[in-house]
1. Can you tell me how many residues within the range 285-307 are surrounded by 14 or more Cβ atoms within 10 Å (Cβ to Cβ) and part of a loop (DSSP other than H, G, I, E, B)?
2. Starting from the range 232-252, take each residue that is closer than 12 Å to SER265 by Cα and list its partners that are in a loop (DSSP other than H, G, I, E, B), counting only C-beta distances under 6 angstrom and pairs at least six apart or across chains.
3. Can you work out which of the residues in the range 47-74 that are outside any strand (DSSP E or B) and among the aliphatic types (A, V, I, L, M) is nearest to ligand 1 (Cβ to nearest atom)?
4. What residue, among those in the range 73-122 that are closer than 23 Å to VAL140 by Cα and β-branched (Val, Ile, Thr), is nearest to ligand 2 (Cβ to nearest atom)?
5. Given the criterion touching a Cys at 6+ places or on another chain (Cβ under 9 Å), at pLDDT 95 or above and not aromatic (Phe, Trp, Tyr), identify the matching residue among SER275, SER265.
6. Can you name the number of the only condition in (1) at pLDDT 95 or above; (2) over 29 Å from THR45 (Cβ atoms) that GLY118 fails?
7. Looking at this structure, is CYS77 outside any strand (DSSP E or B), in contact with a Cys (Cβ under 6 Å, 6 or more places away or on another chain) and either of a type in the set (Gly, Ala, Ser) or in contact (Cβ under 8 Å) with a residue 24 or more places away in the chain (or both)?
Amino acid sequence: MSVPSLSAISAVTFQKNPQLPRNCTFDPRDWEILSKYWHPVAAATELGNAPLSATLLDESLVIFRSEGQIVAARDVCPHRGAPLSRGWVENGNLVCPYHGLSYSAGGQCQHIPSQPNGPIPDRLKLNIYPAQEAYGLIWVSLGGGHEPLPSFEAWDAAGFQQIVCPSIDIKASAGRQTEGFIDVAHFAWIHNESFADRGNAVVPQYSVERQGTGLRAEYVSNVNNFPKAFSHRAPQGFLWRRTFEVDVPFFARLTVQFPEGGRLSILNAASPVSSRLTRLFVPIARNFDHHIPVQDVYDFNRQIFEEDRAIVEQQCPEDLPIDRTAEVPILADRSSGAYRRALAEIGLGQAYSS
Ligand code: FES
Ligand SMILES: [Fe+2]
């Protein structure tokens, strides 16, 4: 038996894409595709004066505010690898807790306390990623930020209240979670306690069309959208119109028409922390019930997503199968079929082993 030479072993070891995070849980091609998009990593209110740590696509990030600007960087000090998120911000610079080197919003090292008059190597520079604030969330793109941010027009519409529900961690893939959000046949079963009714399981035919990078589905039914205890607020026979608009990879807007011109818009923004962990952010805008405490909205939102979580965390396989033969669609799945096709079009899922 021949033993491989040391140089051959090194060649194999270092073939990996240097961009990929350590311990990347994604297929490398999927990671590269997903990295091009913007993903939310935190609620804007979570980021105060101290740096924040977050994980996106298996990459550890430090997020900080530098004189009003939001900065996201790899959470690794280029000096000796300490986590910068354990440091602090001083005069707009991020200070590493290990040896006190400080970094500007542009990422360049500004100061080395142990050699105040010595040279600062150019390579003492953070890996900076594009970051921005929108819809009450902080968004980061690891791959340059060239794709557009998902739109959420209701957020800034006149007369609409802005609510950012606390995020929810789900031990499932972002694709599975997003598909669950647009799945209308599960209302009667999973949400029987919160708003729907197991005795009302029929899904009337609904329309699905391609829109932008994703789809638009219009679903009209008599499934009440008020919390069960308030279902009497809808007039007898009221027909509920729900519009789902999906942008790849993991964004779904749901607009629900309430009685008397009420409108509720929800952005389901599923952030892929890893291929098996999703941090779900849910900004909501509504033009009614402004007097009701937002805590009630948080509680109702959590109840619904906890109901979903119980199933989504158990689905097998964990990855959303893109191969159409892997699972068996039914008529009510028109929107999820279109969603899977949209994901396939951007190249995701080609290596899924489902
Ligand atoms: S590891 Fe950050 S200053 Fe040394
Ligand atoms: Fe659900």
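The values are calculated or read from the model by the stated rules, or taken from the named source; none is laboratory data. Predicted model, so just to flag it, every value in this text is computed and none were measured. Cβ atoms come from the backbone with ideal geometry, glycine included; neighbour counts cover every protein chain shown.
1. So the answer is 3.
2. PHE244/ILE182; ALA252/ILE182
3. ALA50
4. Within the range 73-122, the match that is nearest to ligand 2 (Cβ to nearest atom) is VAL76.
5. SER275
6. Looking at each condition in turn, GLY118 falls short on (1).
7. yes
Every residue, every condition in (1) of a type in the set (Lys, Arg); (2) in contact with a Ser or Thr (Cβ under 9 Å, 6 or more places away or on another chain); (3) away from ligand 1 (no atom under 16 Å from the Cβ); (4) more than 29 Å from VAL140 (Cβ to Cβ), yes or no:
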{"position": "ALA285", "(1), (2), (3), (4)": "no, yes, yes, no"}
{"position": "ASP289", "(1), (2), (3), (4)": "no, no, yes, yes"}
{"position": "PHE305", "(1), (2), (3), (4)": "no, no, yes, no"}
{"position": "ASP308", "(1), (2), (3), (4)": "no, no, yes, no"}
{"position": "GLN314", "(1), (2), (3), (4)": "no, no, yes, yes"}
{"position": "LEU320", "(1), (2), (3), (4)": "no, yes, yes, no"}
{"position": "ASP323", "(1), (2), (3), (4)": "no, yes, yes, yes"}
{"position": "GLU327", "(1), (2), (3), (4)": "no, yes, yes, yes"}
{"position": "SER336", "(1), (2), (3), (4)": "no, no, yes, no"}
